[in-house]
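Following: one structure in structure tokens, then a few remarks.
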Amino acid sequence: MKLIDGKKIADAVKQEIAAEVEKMVASGMKRPHLAAILVGHDGGSETYVAHKVKACEQCGFTSTLLRFEAEVTEAELLTTIDKLNKDTDVDGFIVQLPLPKHIDEQKIIEAIDYRKDVDGFHPINVGRLSIGLPCFLSATPQGILELLKRYEIDTKGKNCVVLGRSNIVGKPVANLMMQKAMPGDATVTVCHSRSRDIKEHCLNADIIIAALGQPGFLTADMVKDGAVIIDVGTTRVPSTETKSGFRLKGDVDFENVAPKCSFITPVPGGVGPMTIVSLMKNTLLAARHDIYK
Ligand code: L34
């Protein structure tokens, strides 16, 4: 069993980006600028956005954090998005999800100029991804592919099961894994809450990407020997052993599944750090107008 060290790879990619940024600055270009909108005080969102701001520093980017209370109106958010769309100093921006229930998430996502949509959530980016055109790839799927690439994990012709069909992970990662590309070229099955025979599908899989947000869902009896396991779950569960009073638990029963695998990602320290670094990559691409002029 080989542990996939997302933290280590993420640190290496951040250094590569930082070196690139210093070259840009030396040639007279401005630093890439990422803005983030954070609404309310969800513990997970607070942590993830803090990591994003820190990663900007490490990459030599400018960052702007715009905070709103949970009571903010949809109209106020739309006005802010309009300003960021027009702000020529901001190369890309994100609205951290989830949003409070009174706000229409899809409306917010579609208000973002797709050329600044470094999350890759706008329908134009999602559509371009699905037909294999250059676009901003959403961060978690992109991070997963980068891990498969850096660990030289063969995906061609392999059976890949994706657990979960969310717009931000399940659907895009399934799409990427079936593209004619490396990594890619896999035979992809997507399982979700209405699927039958999930265990059988999983037992047939060479690669399982678990992204359903159910702690410990994937157990050892569902995994064949030598499988590659990518755990996207980061659910906060109460714990008496930590100072914060919670700990992170992935969708995989790591302790029992790990001995059977060829490769597995831990939680934390697996996919999470790669999500952050993929956002940095997209911001660099946005600043250089590499995808859209
Ligand atoms: N708009 N909303 C928008 N973009 C995103 O890309 C996200 N996502 C998901 C939730 N909402 C979003 C994230 O940023 C999930 N996500 C995310 C980002 C980072 C980490 C996990 C999820 C992460 O850094 N995880 C660390 C542990 C963090 C901790 O200590 O809590 C890890 O090692 O897994």
Residue set Ile124, Ile109; condition in a helix (DSSP H, G or I) and within 13 Å of the ligand (Cβ to nearest atom); output residue Ile109
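In the stretch 59-95, which residue that is within 21 Å of Ala12 (Cα to Cα) and in a loop (DSSP other than H, G, I, E, B) is farthest from the ligand (Cβ to nearest atom)? Please lay out each step first, then the result.
So in the stretch 59-95, the residues within 21 Å of Ala12 (Cα to Cα) come out as 59-63.
Those still in the list that are in a loop (DSSP other than H, G, I, E, B) too: 60-61.
Numbers: Gly60: 20, Phe61: 16 Å.
Residue satisfying both the conditions and the ranking: Gly60.
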Collect the residues in the stretch 229-245 that are touching a residue at least 12 places away in the same chain (Cβ under 8 Å) and within 13 Å of the ligand (Cβ to nearest atom), keeping them in residue-number order.
Ile230, Asp231, Val232, Gly233, Thr234, Thr235, Arg236, Val237
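Name the single residue, out of those in the stretch 34-70 being among the β-branched types (Val, Ile, Thr) and within 16 Å of the chain's Cα centre (by Cα), that is farthest from Asp119 (Cα to Cα). Before the answer, list the steps.
At the first step, the residues of the stretch 34-70 found to be among the β-branched types (Val, Ile, Thr) are 37, 39, 47, 49, 53, 62, 64.
Adding the requirement that they be within 16 Å of the chain's Cα centre (by Cα) leaves 47, 49, 53.
On the way: Thr47: 17, Val49: 13, Val53: 15 Å.
Looking at the filtered set, the residue picked out is Thr47.
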The stretch 1-55, subset assigned to a helix (DSSP H, G or I), closer than 30 Å to Ala220 by Cα and charged (D, E, K, R), residue nearest to the ligand (Cβ to nearest atom)
Lys7
Considering only the stretch 272-289, state which residues are away from the ligand (no atom under 14 Å from the Cβ) and either buried (at least 23 other Cβ atoms within 10 Å of the Cβ) or touching a residue at least 12 places away in the same chain (Cβ under 8 Å) (or both).
Leu284, Leu285, Ala286, Ala287, Arg288
Out of all the residues in the stretch 152-172, which are open to solvent by 20 Å² or more (accessible area, probe 1.4 Å), over 18 Å from the mean Cα position of the chain (by Cα) and in contact (Cβ under 8 Å) with a residue 24 or more places away in the chain?
Lys156, Gly157, Lys158, Asn159
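Here is a yes/no grid of residues against (1) within 13 Å of the ligand (Cβ to nearest atom); (2) closer than 20 Å to Lys293 by Cβ:
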| position | (1), (2) |
| --- | --- |
| Glu57 | no, no |
| Leu97 | yes, no |
| Arg115 | no, yes |
| Ile131 | no, yes |
| Leu147 | yes, no |
Conditions (1) in contact (Cβ under 8 Å) with a residue 24 or more places away in the chain; (2) touching a helix residue (DSSP H, G or I) at 6+ places or on another chain (Cβ under 6 Å); (3) over 27 Å from Leu218 (Cα atoms); (4) not in a loop (DSSP other than H, G, I, E, B): number failed by Gly143:
(3)
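For the stretch 102-118, which positions are without any contact (Cβ under 8 Å) to a residue 60 or more places away in the chain, over 19 Å from Phe68 (Cα atoms) and surrounded by fewer than 19 Cβ atoms within 10 Å (Cβ to Cβ)? Working first, answer last.
So the first thing to find is which residues in the stretch 102-118 are without any contact (Cβ under 8 Å) to a residue 60 or more places away in the chain, and the list is 102, 104-113, 117.
Right, trim to over 19 Å from Phe68 (Cα atoms) and you get 110, 113, 117.
Residues satisfying the conditions are Glu110, Asp113.
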Give Gly226, Gly269 a once-over and let me know the one that is within 12 Å of the ligand (Cβ to nearest atom) and either at pLDDT 95 or above or not small (Gly, Ala, Ser) (or both).
Gly269
Leu145 open to solvent by less than 10 Å² (accessible area, probe 1.4 Å) and under 18 Å from the mean Cα position of the chain (by Cα)
no
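For the stretch 69-92, give me the residue count where each residue is surrounded by fewer than 17 Cβ atoms within 10 Å (Cβ to Cβ) and not acidic (Asp, Glu). Outline the logic, then answer.
Within the stretch 69-92, the first condition is being surrounded by fewer than 17 Cβ atoms within 10 Å (Cβ to Cβ), and the residues that meet it are 69-71, 73-76, 78-79, 82-83, 85-89.
Checking the rest, the ones that are also not acidic (Asp, Glu) come to 70, 73, 75, 78-79, 83, 85-86, 88.
Adding up the residues that qualify gives 9.
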Yes/no for Val53 being within 30 Å of Lys23 (Cβ to Cβ), surrounded by fewer than 19 Cβ atoms within 10 Å (Cβ to Cβ) and hydrophobic (A, V, I, L, M, F, W, C):
yes
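The values are calculated or read from the model by the stated rules, or taken from the named source; none is laboratory data. Owing to the predicted nature of the structure, the values given are computational and were not obtained by experimental measurement. All Cβ positions, glycine included, derive from the backbone under ideal geometry; neighbour counts span all protein chains shown. Accessible surface areas use protein heavy atoms only, side chains included; no ligands, DNA or RNA. Shrake-Rupley method; radii C 1.70, N 1.55, O 1.52, S 1.80 Å.
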